[in-house]
6 protein chains.
Amino acid sequence: MTVAIYPGSFDPITHGHIDIIKRASSIFDELIVGVYDRPEKRLLFSTEERVRMAQQAIAHLKNVRVQSYSSLTVDFAKKVGAQVMVRGLRMSSDFEREFEMAMMNKKLAPDLELVCCMASLQYQFLSSSLLKEVAQLGGCLEEMVPDHVAAALRGRFAPEACPPSRKGVSR
Amino acid sequence: MTVAIYPGSFDPITHGHIDIIKRASSIFDELIVGVYDRPEKRLLFSTEERVRMAQQAIAHLKNVRVQSYSSLTVDFAKKVGAQVMVRGLRMSSDFEREFEMAMMNKKLAPDLELVCCMASLQYQFLSSSLLKEVAQLGGCLEEMVPDHVAAALRGRFAPEACPPSRKGVSR
Amino acid sequence: MTVAIYPGSFDPITHGHIDIIKRASSIFDELIVGVYDRPEKRLLFSTEERVRMAQQAIAHLKNVRVQSYSSLTVDFAKKVGAQVMVRGLRMSSDFEREFEMAMMNKKLAPDLELVCCMASLQYQFLSSSLLKEVAQLGGCLEEMVPDHVAAALRGRFAPEACPPSRKGVSR
Amino acid sequence: MTVAIYPGSFDPITHGHIDIIKRASSIFDELIVGVYDRPEKRLLFSTEERVRMAQQAIAHLKNVRVQSYSSLTVDFAKKVGAQVMVRGLRMSSDFEREFEMAMMNKKLAPDLELVCCMASLQYQFLSSSLLKEVAQLGGCLEEMVPDHVAAALRGRFAPEACPPSRKGVSR
Amino acid sequence: MTVAIYPGSFDPITHGHIDIIKRASSIFDELIVGVYDRPEKRLLFSTEERVRMAQQAIAHLKNVRVQSYSSLTVDFAKKVGAQVMVRGLRMSSDFEREFEMAMMNKKLAPDLELVCCMASLQYQFLSSSLLKEVAQLGGCLEEMVPDHVAAALRGRFAPEACPPSRKGVSR
Amino acid sequence: MTVAIYPGSFDPITHGHIDIIKRASSIFDELIVGVYDRPEKRLLFSTEERVRMAQQAIAHLKNVRVQSYSSLTVDFAKKVGAQVMVRGLRMSSDFEREFEMAMMNKKLAPDLELVCCMASLQYQFLSSSLLKEVAQLGGCLEEMVPDHVAAALRGRFAPEACPPSRKGVSR
């Protein structure tokens, strides 16, 4: 049985993350979404909020669960018995950073296998950080995040809902 | 009639920006330089200062005007009636970020056309952030920014003017 | 009045090219699609075929016409009175090559303005060369090229049409 | 049960390929190394030779087998019942090409999952094409390919074995 | 006689830096490691600590010395009489930033020659910033930094030494 | 005494190459321009022509000489007693290929030091291959290659000289 982790900040979880989770959960027997509690980086949502939003987003997937961690990712993988670490690959990824982390992780834990899943076309350019910038300025995010995440972003940034006239405008 | 916006922080405006403005203003009927009032990013100059420096730099261009904005860029474009958004393209651009923003903007405003103008060779490697680092350490910027911007940078960082012996050294 | 050229091999024209043509034709007064007769590169279709397929693809666009050329692109631009050269920008572009050509063209013709239009998301990864590889192996290209181009590709590579069961499978 | 294919030219198979095969075979239940019979590309070894060298290289891996194919890769995957396509990812990969192929394949076969395995540090910069250039000029390849492949390369390019004095020089 | 500088933050010095120092010191007559006292960037170690750690790391190299500076790097080069500035090149370098700095430095000091030395394979993906992240979470860094630097990192982040069972795990 | 080689095809030598040769010759005691006789790649000029054009271009540089070779570059370096291999670095370099070759060369000859010199701004986008394309179509190359090389290119492609009206047009 192959257990995989999918680590990240998930601040908040997007349809891009969910796309990768679906793919990985169809390939591996068990998938653990690891929500990293990074004290160094300024985050919008608390660890509890990020975990809860992720749980709600993947509730329909039987072999997936969400868990927070605060150690090295490779130590988290060992603790939960994962043999595989999953990363989502987008054309606008920071490949240099990805490779640095991958090589560092191989050094720290040679037995943990890294596999990258390719994001779908519609999520190739979706990043949490850009999404938060748009949310802050009142942009509509309905196709980029699940409804409960859109609501949480609005609650954080702007009280009124996305005006009906703009819904579904894109694509 | 085609109206275009050229959005940015312009902190401060450089000869690289002015190069793009000249190009775009020769192609489109009207060009609006949009100075973004970003509360999130630490800027050197206030919005008023950035607008004023930009206005002085483009005063000789008939069909160009400067305006600040604090909304989503696509909403600013709509408000001023622009059909086109101009971006300057440099070899040392952060292409990943450019594409992420472009695709996000297309999603938010499918009718706004993005066009990228190619920076001249001598400005291919000129960025506002690097320029500020150099200014702070007393480097001479005379060929990189207009005189009034160089003066403003000196006023912010160092009292004395660039020593005559070093002027025109480069190239 | 701004006249623009959009140069390329168009071997054959794809929906990605047509997307850029539509965008450029909405911004500029007149657009000339320049089909380059490259004797050096091995092409699938003759210049005449490439011109004819392009003409059919853009017949509905009033201010666009197709013309072949065999000189330097900057000389072609001068001959047809264009002030602007349009290039399509895709995330999977060969940026290094794009910049080399752009800087060379600026050197050869400083007055010709280069502008890049951003491909739509669904065409960000569509290239003529990959398309031809797929066509050769019998893959379905209905959403990537106009019907008359798909027919021409089938005529070149494989006699039978794309099986109905596979049509529309993707996306 | 998850069946995966690992497609390529394998002209010839290198330790870099074998590294990816080992990783993938430890994650998936069955792995089929697909040797592509590309009539378009000039290859050094025949399909039969490439298959045989690959078979010898992976003989010790129980759940791996080698098979040649001449169709679209996605059709090969379907034929052998694979749900996953494996690609090796190196820092010196042609990412643009990788993404183009990945998006094309998703369009042609939405159900086939692409996963990328990360090459080990020592194989991050090893490519078959560079290897052949070096072999042709008499360079020692003992740490880059299995012995039987090194012998085949010598047989093709140069009669004498790698001089003992140079063996093991590197690293 | 050719004098070279090798400027950087060295926060802290790593085996990757030392690799470049050794290479450069074998090529040039004299090498000055310039420790930049950057007031803008948040650093882990003080300038004194960074200088001392670097000095200890290169004590065995006759023609190398360490010196801190707080001016423009090109002014530091002039002050110490250097004709050459050395940079380490890694595949995961931020090339855009490197080129921006290089072109800016050429503008400011046309006579100072920039040469890039290629990092060894095992240091191609080693960065000070990633190293600090790992150190903070208790990861073992014994092969990435000299012992006295590892001790300093542990002193800053975690009291206990790296557990024996994990030493030498990687590679 | 440090001996360096600067290997390449030099088909033909450009001002970009000469720029790197000048830089390298000011840093190292002796520089050998290695003209590679590549039987695999289609070249415009014969090895003799390429050597002669390079010799004429660097005749004024005392510590530089030109020599052809047909072996592995690392073997050529050894034969001429070079400790250093010089490469020119341009923003539009194929970095992936550069790193692959560098790592391969380090494996084959660990003692040969690779150093990269940074091309001047005006040569950052100049490549021999693009230059030949332009020459073939009659473009003016006077600022990109020495006069004797421009004459050789004209002799190969077009009989008449560059029209006076176009000389010196660019920058």
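Quick look at the numbers
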{"quantity": "Odd one out for F:F45, checked against (1) closer than 22 Å to F:C116 by Cα; (2) crowded, with 18+ Cβ neighbours inside 10 Å", "calculated": "(1)"}
{"quantity": "Candidates A:S120, A:S25, filtered to the one that is in contact with a helix residue (DSSP H, G or I) (Cβ under 6 Å, 6 or more places away or on another chain), polar (S, T, N, Q) and away from chain E (no Cβ under 14 Å)", "calculated": "A:S120"}
{"quantity": "Sole exception among (1) at pLDDT below 95; (2) open to solvent by less than 40 Å² (accessible area, probe 1.4 Å); (3) under 30 Å from C:E100 (Cβ atoms); (4) away from chain A (no Cβ under 14 Å) for B:V169, by number", "calculated": "(2)"}
{"quantity": "Criterion: among the hydrophobic types (A, V, I, L, M, F, W, C), surrounded by 20 or more Cβ atoms within 10 Å (Cβ to Cβ) and modelled with pLDDT of 95 or more - qualifying residue of C:M103, C:M53, C:M118", "calculated": "C:M53"}
{"quantity": "Output for region B:1-45, where each listed residue is charged (D, E, K, R) and over 28 Å from C:D111 (Cα atoms)", "calculated": "B:D11, B:D37, B:R38, B:E40, B:K41, B:R42"}
{"quantity": "Region A:131-146 - residue that is among the aliphatic types (A, V, I, L, M) and within 14 Å of A:F157 (Cβ to Cβ) and, of those, nearest to the other protein chains (Cβ to nearest Cβ)", "calculated": "A:L137"}
{"quantity": "Residue check for B:S68: farther than 28 Å from A:R90 by Cβ, open to solvent by 20 Å² or more (accessible area, probe 1.4 Å), away from chain A (no Cβ under 14 Å) and of a type outside the set (V, I, T)", "calculated": "yes"}
{"quantity": "In region D:56-65, residue surrounded by the most Cβ atoms within 10 Å (Cβ to Cβ) [restricted to those that are closer than 18 Å to D:V149 by Cα and of a type in the set (A, V, I, L, M)]", "calculated": "D:A57"}
{"quantity": "Criterion: within 12 Å of another protein chain (Cβ to nearest Cβ), modelled with pLDDT of 95 or more, surrounded by 19 or more Cβ atoms within 10 Å (Cβ to Cβ) and within 30 Å of C:A4 (Cα to Cα) - qualifying residue of B:I32, B:I20", "calculated": "B:I20"}
{"quantity": "Complete set of residues in region A:81-94 that are away from chain E (no Cβ under 13 Å) and either free of Cβ contacts under 8 Å to residues at least 24 places away in the same chain or within 18 Å of A:S9 (Cβ to Cβ) (or both)", "calculated": "A:M85, A:V86, A:R87, A:G88, A:L89, A:R90, A:S92"}
{"quantity": "Filter result for F:R97 (within 14 Å of chain C (Cβ to nearest Cβ), among the basic types (K, R) and either touching a Pro at 6+ places or on another chain (Cβ under 8 Å) or open to solvent by 50 Å² or more (accessible area, probe 1.4 Å) (or both))", "calculated": "yes"}
{"quantity": "Qualifying positions in region E:111-130 - under 21 Å from E:A24 (Cα atoms) and not in a strand (DSSP E or B)", "calculated": "E:D111, E:L112, E:A119, E:S120, E:L121, E:Q122, E:Y123, E:Q124, E:F125, E:L126, E:S127, E:S128"}
{"quantity": "Residue within region C:127-136 that is under 27 Å from F:Q136 (Cα atoms) and more than 16 Å from the chain's Cα centre (by Cα) present", "calculated": "no"}
{"quantity": "Filter result (open to solvent by 20 Å² or more (accessible area, probe 1.4 Å) and either at pLDDT below 95 or touching a Cys at 6+ places or on another chain (Cβ under 7 Å) (or both)) within region E:72-90", "calculated": "E:R87, E:G88, E:R90"}
{"quantity": "Test: residue in region D:131-139 that is under 27 Å from A:A24 (Cβ atoms), open to solvent by 60 Å² or more (accessible area, probe 1.4 Å) and either part of a helix (DSSP H, G or I) or modelled with pLDDT under 95 (or both)", "calculated": "no"}
{"quantity": "Residue check for A:D37: surrounded by fewer than 19 Cβ atoms within 10 Å (Cβ to Cβ), of a type in the set (D, E, K, R) and in contact with a helix residue (DSSP H, G or I) (Cβ under 9 Å, 6 or more places away or on another chain)", "calculated": "yes"}
{"quantity": "Neighbours by Cβ (under 7 Å, 6+ apart or cross-chain): first from region D:3-29, under 19 Å from D:F76 (Cα atoms); second at pLDDT 95 or above and of a type in the set (S, T, N, Q)", "calculated": "D:V3/D:Q83; D:P7/D:T73; D:S25/D:N63; D:D29/D:N63"}
{"quantity": "Boolean, A:S127 is at the interface with another protein chain (Cβ under 8 Å from one of its Cβ atoms), within 21 Å of A:K22 (Cα to Cα), open to solvent by less than 50 Å² (accessible area, probe 1.4 Å) and of a type in the set (G, A, S)", "calculated": "yes"}
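The values are calculated or read from the model by the stated rules, or taken from the named source; none is laboratory data. What you are looking at is a predicted structure, and each value in this text was computed from that prediction instead of being measured. We place every Cβ from the backbone using ideal geometry, glycine too, and count neighbours over all the protein chains shown. Remember, those area values only see protein heavy atoms, side chains included, never the ligands or the DNA or RNA. Shrake-Rupley method; radii C 1.70, N 1.55, O 1.52, S 1.80 Å.
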